[in-house]
Structures are given as C-alpha cells and as structure tokens.
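Peer 1: I have a structure I would like to understand better, so I am pasting it below and will then ask my questions one at a time.
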Amino acid sequence: MNIKDELEEIITLLENDEFVKAHDLCELLWRKYKADENTREESFILKAFTNASVSLELYNMQREEHCVNVWNTYKKYEYLIDELKSINKTQYTKIKDLIYKKREQIIK
C-alpha cells in the first residue's frame, strides 16, 4: 500500500503542533494496515507514531505520567522504522525526526 499523501499530512500536522489530529490519522492508517496480512508488521510503525503524537499532547495537558507511558510504547516499535523495508520509509524517517524535534522543543 502507498500512503504517502496521508503520511505527508501527518508531517504537516506535527509541524503545526496538531498532535491530536496527527494521532487520529496515524490511528486510522494503523487500523487499515494491521487488517492486511501483507502490511501487518509495518502497521506497528503506525502504532508507534500514534503513541508518539499523543505523547506530545499529553505532555501539553500536564499529564506527564501518561506521556511517559505512551512514549515507551513508541520506543518499543521505533526500531522497525530502520529495519523494515517499505516504500514509505522516507516519510517514516521524516516523521520520526520531526517527533524528536517536537519532543525536544516541548519537553525540556
């Protein structure tokens, strides 16, 4: 599956600090990918992004304990971004880099 347009939208949402909307789109894509046997393993990358984006919003809401819990779920699957072969790898890497940039700006 090619989801480049949706991934570019996630990048835009994250750049604009729209973490809830980014979470919602990631979750939609995650559900779509996990339902297909051919993309099930790759779906865990989308699950990771779902958790990372909501982690940023939880921190903004001063729910730091929950922020840490969902961040740990992101970290559990992050390695797949580098290890899995995917036509979406370029966008996954952009999202990963942007998540770390935003996290550094928000969580000091």
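Peer 1: Take the residues in region 79-106 that are under 14 Å from Phe19 (Cα atoms) and touching a residue at least 12 places away in the same chain (Cβ under 8 Å), then tell me which one is surrounded by the fewest Cβ atoms within 10 Å (Cβ to Cβ).
Peer 2: Only one residue fits best here, namely Ile106.
Peer 1: Count, please, the residues in region 14-24 that happen to be surrounded by fewer than 19 Cβ atoms within 10 Å (Cβ to Cβ) and either under 13 Å from Thr73 (Cβ atoms) or in contact (Cβ under 8 Å) with a residue 40 or more places away in the chain (or both).
Peer 2: The number of residues fulfilling the criteria is 2.
Peer 1: Checking the condition in a helix (DSSP H, G or I) and loosely packed, with under 13 Cβ neighbours inside 10 Å, which residue from Glu41, Glu27, Glu65 passes?
Peer 2: Result: Glu65 is the single residue among Glu41, Glu27, Glu65 that is in a helix (DSSP H, G or I) and loosely packed, with under 13 Cβ neighbours inside 10 Å.
Peer 1: Considering every residue within region 16-29, establish whether at least one is under 14 Å from the mean Cα position of the chain (by Cα), of a type in the set (Phe, Trp, Tyr), modelled with pLDDT of 95 or more and more than 15 Å from Leu98 (Cβ to Cβ).
Peer 2: Checked region 16-29: no residue is under 14 Å from the mean Cα position of the chain (by Cα), of a type in the set (Phe, Trp, Tyr), modelled with pLDDT of 95 or more and more than 15 Å from Leu98 (Cβ to Cβ).
Peer 1: Would you please list the contacts, defined by Cβ atoms under 6 Å and residues six or more apart or on different chains, that run from a residue in region 49-78 that is without any contact (Cβ under 8 Å) to a residue 12 or more places away in the chain to a residue that is not polar (S, T, N, Q)?
Peer 2: His66/Leu58
The values are calculated or read from the model by the stated rules, or taken from the named source; none is laboratory data. Predicted, not measured: the structure shown is a model, and the values here were computed from it. A quick note on method: Cβ atoms are made from the backbone with ideal geometry, for glycine too, and the neighbour counts reach across all protein chains shown.
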